[in-house]
Amino acid sequence: MKPTGVFLDPLPSQEDDLATLRRSAFLCGIADAVACDCLARARVRTLAPGETLIHRGVAHGILYVLLSGELSVALAHAAQRQHRPDLQQVAQVLPGATVGEQSILDGQAPDAWVVAKTPARLLAISEADTWQLMQDHPPVALNLMRILSARVRKSNVVVCDAIQVQERLAFDAHTDVLTGLHNRRSMESRYADCLRQAQSLGHGVALLMVDIDHFKGVNDGYGHAAGDEVLRQTAACIKAHLPASALLARYGGDEICVLLTGEHDLQACDQAQRVCQAVFGNAVAVESGRTVAVSVSIGVAHWDLRSPLQTLVQAADAALYHAKTQGRNSVVLQS
């Protein structure tokens, strides 16, 4: 592919160009005579806005120093190699900066696109002249190493930030924001994995369906902010009174679903009774200094090591219904 743009003899603004080269990291600490020699031997290339300087995957064999204007660097995946991508800028190139040096140093085709954002003028130094310049003036090679090192460090920061964003997105996708427990989507995947593991080991599994009594009355009488606080503190209280191995999820509204592994009927009921008593003895402080007395009803179901998760949930939900109909603040084991 032939390079785009027009190569011209150096323009009359050599004093401005020389000042730009003096400020550049490429010729930092290098005598003016070297910069003047670069201006005399190299060509100046001009670009119009939107014109491509470097195509990803296309070797060019030129080191460019931006003399004026602004360039944009964009990355693209392999499928976009032959066409300039319509992607957001990932890096900005300002006067004095270099582009293209990595391909000269490692002998590989470029892995990014470089496009002019504004009218731009660049000093184009051939690959042969670049290597000769580094041999004649070793500090130039050191400067290029520093330039590349700075880019690697910046890329490392970008990668770390991207990892943190991905981790946060993954956390948000599987976590209930209000309570900090797993959400229903996470429950369906995590709980299914736990059931398969328990089945392979022959361990007992119990499911607790916990529901806050008269929760609608809390929202109606104290407001939704108070209802959120009641749900937050109740979830924290439930979690604090269960084994660390228990998996808790906000199943929906004011229902919290708890999976206990290695538990049999009586053990699971004992755990549920402790939760019920702890919540009942923990009045929740809300705005204006008021407190809300809270209780929960709990349905307990034991897994038969064969049925799907939804069957276990339905059994615990049916037991919860009986707990509510017999007066609430109680625990009922599936019949």
Inset, instruction - Would you please give the residues with an amide H less than 5 Å from that of Y251, counting only those at least 5 places away or on a separate chain, with H modeled from the backbone geometry? - result: I256, C257
Legend entry - Positive-end residue of V292, G252, L94, charge dipole of the chain with Cβ unit charges: L94
Legend entry - Cα gyration tensor shape for the chain, rounded if a/c is under 1.5, else prolate or oblate: prolate
Inset, instruction - Name the residues whose placed amide hydrogens come within less than 5 Å of the amide hydrogen of A285, ignoring near sequence neighbours (fewer than 5 apart) on the same chain. - result: V292
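If neighbour count is taken as other Cβ atoms inside 10 Å, put I298, I212 in order from fewest to most. Show your work: numbers first, answer last.
Numbers: I298 28, I212 23.
Fewest-to-most ranking of I298, I212: I212, I298.
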Legend entry - Whole-Hz couplings from phi, Karplus 6.51/-1.76/1.60, listed for the stretch 26-37; x for Gly and Pro: 4, 10, 4, x, 9, 4, 4, 4, 5, 4, 5, 5
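How many times 2.2 N^0.38 Å is the alpha carbon radius of gyration of the stretch 6-165?
Details: Rg = 15.6 Å, N = 160, 2.2 N^0.38 = 15.1 Å.
Rg over 2.2 N^0.38 Å, computed on Cα atoms: 1.03.
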Inset, instruction - Starting with the fewest neighbours, write out M187, M145 ranked by other beta-carbon atoms found within 10 Å of each beta-carbon. - result: M145, M187
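Kindly state, to the nearest 0.05, the FRET efficiency for Q326 paired with A170, given R0 = 35 Å and r defined as their beta-carbon distance. Display every interim value, and only then the final one.
Numbers: r = 41 Å, r/R0 = 1.18.
For Q326 and A170, the calculated efficiency is 0.25.
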Inset, instruction - Could you pull out every residue, at least 5 positions away or on a different chain, whose amide H is within less than 5 Å of the one on V205? Hs are placed 1.01 Å off N in the peptide plane, and Pro or chain starts have none. - result: G262, E263, W303
Inset, instruction - Go ahead and estimate [θ] at 222 nm for the chain from helices alone: -39,500 (n - 2.57) per DSSP H run with n ≥ 4, summed, over the residue count, rounded to 500. - result: -14500 deg cm²/dmol
Legend entry - Leading residue at positive end of dipole, the chain (Cβ point charges), from A40, T261, N219: A40
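For the chain, calculate the relative contact order in percent as a whole number, restricting contacts to Cα pairs under 8 Å that are 6 or more residues apart. Mind dumping the intermediate values first?
Details: 597 pairs, mean separation 47.4, N = 335.
The value is 14 percent.
With charges set only on the Cβ (+1 for Lys and Arg, -1 for Asp and Glu), what does the dipole of the chain come to about its Cα centre, in debye to the nearest 20? Don't skip to the end; give the middle numbers.
Details: 29 positive and 34 negative charges, 40 e Å.
The dipole magnitude comes to about 200 debye.
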Inset, instruction - Go through the stretch 126-139 residue by residue and turn each phi into a ³J(HN,Hα) via Karplus (6.51, -1.76, 1.60, θ = phi - 60°); whole Hz please, and just put x for glycine and proline. - result: 5, 4, 5, 5, 5, 5, 5, 4, 5, 5, 6, 9, x, x
Legend entry - From phi via Karplus (6.51, -1.76, 1.60), per-residue ³J(HN,Hα) for the stretch 268-283 in Hz, x at Gly/Pro: 5, 5, 4, 4, 5, 5, 4, 4, 4, 5, 5, 5, 5, x, 10, 5
Inset, instruction - Return M209, M134 ranked ascending by Cβ neighbour count within 10 Å, so the fewest neighbours appear first. - result: M134, M209
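Every read-out reported here was derived from the displayed coordinates using simple, explicitly stated rules and does not represent laboratory data. This structure is a prediction, so every number in the text was calculated from the model and none was measured. Glycine also receives a Cβ, built like all others from the backbone with ideal geometry; neighbour counts cover every protein chain displayed.
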